[in-house]
Amino acid sequence: MPLPATARRVERNTPARVNQVIRARTDAELVRLEAGSDEAISQRLRELDEEWDVERLLQANASTLVVLGVLLGATVDRRFLALPAGVLTFLGQHALQGWCPPLPVLRRLGIRTQREIARERYALKALRGDFDDLPGREAGAARRVRAALEAVDR
């Protein structure tokens, strides 16, 4: 059985209803900001720069639990070494399959994937008009690519 594609593996392992709630929240935020100013959109883009995606949260939690388990195993009782072994097993499972025990909880809390955050980011950039001034094909590939990348980086 092939491994799921990286970009959608978390969403595929999340119940459809949870994915719908996350998507609906994003869509509602986009509708709210569409009626707002460019500065409101820029502020939201800055907030998105700081938002932790589910992968980062899982990695931070896993590393904390591994360090804690090793410290407790070294100083209190060797049986605490089972904690890092279990956590690293689950982290490996998540890397391969896109699922691990904390994932359903994090998704129900509304923690989004990088792809879901990027979806909002590029919708906001489109609403703000970042892509409106891209040169036409007559400008040449190098100029068009440079302008497109500048709009993405903005």
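Here the accessible area of the chain is 59 percent carbon and sulfur, with a 1.4 angstrom probe and all protein chains present. With only Cα atoms counted, region 89-154 has Rg and Dmax values of 18.3, 53 Å. Rounded to the nearest 10 degrees, the inclination of helix 38-50 to the longest alpha-carbon principal axis of the chain is 20 degrees.
Farthest toward the positive end of the dipole of region 25-154, out of Leu96, Gly73, Leu149, is the Cα of Gly73, where the dipole comes from beta carbon charges about the Cα centre. In a fully extended conformation the segment linking Leu71 and Val152 would gain 24.8 nm over its present Cα-Cα distance, using 0.36 nm per residue. Here the gap between Asn61 and Ser37, fully extended at 0.36 nm per residue and compared with their Cα-Cα distance, gives a gain of 5.0 nm. With θ taken as phi - 60° and the Karplus curve 6.51 cos²θ - 1.76 cosθ + 1.60 applied, the whole-hertz 3J(HN,Hα) list for region 53-69 is 7, 4, 5, 5, 5, 4, 5, 5, 5, 4, 5, 5, 5, 5, 4, 4, x Hz, x standing for glycine and proline. Can you tell me the orientation of helix 114-128 relative to the chain, as the angle in degrees between its alpha-carbon axis and the longest Cα principal axis, to the nearest 10? Orientation of helix 114-128: about 20 degrees from the principal axis.
Which residue fluctuates most in the GNM of the chain (Cα springs below 10 Å): Arg128, Arg119, Arg144? Of the options given, Arg144 has the highest mean-square fluctuation.
Residues whose amide H falls under 5 Å from that of Ile111, counting only those 5 or more places apart or on a different chain, are absent, with hydrogens built in the peptide plane.
What is the magnitude of the charge dipole of the chain about its Cα centre, with +1 placed on the Cβ of each Lys and Arg, -1 on the Cβ of each Asp and Glu, and no other charges, expressed in debye to the nearest 20?
Values: 25 positive and 21 negative charges, 132 e Å.
Roughly 640 debye for the chain.
In whole Å, what is the distance between the alpha-carbon centres of region 12-30 and region 113-132? About 16 Å separates the Cα centre of region 12-30 from the one of region 113-132.
Relative to the longest principal Cα axis of the chain, at what angle does helix 82-97 sit, 0 to 90 degrees, rounded to 10? In the chain, helix 82-97 runs at an angle near 30 degrees to the longest axis. Over the chain, the reciprocal of the mean inverse Cα-Cα separation, the Kirkwood hydrodynamic radius, stands at 18.3 Å. A 1.4 Å probe run over the chain, with the rest of the protein chains in place, finds 64 Å² accessible per residue.
The values are calculated or read from the model by the stated rules, or taken from the named source; none is laboratory data. If you're wondering where the values come from, they're calculated on a predicted model, not measured in any experiment. Methodologically, a virtual Cβ is constructed for each residue, glycine included, from the backbone with ideal geometry; neighbour enumeration extends over all protein chains shown. Side chains are part of the model used for accessible areas, which takes the heavy atoms of the whole protein and leaves out ligands, DNA and RNA. Shrake-Rupley method; radii C 1.70, N 1.55, O 1.52, S 1.80 Å.
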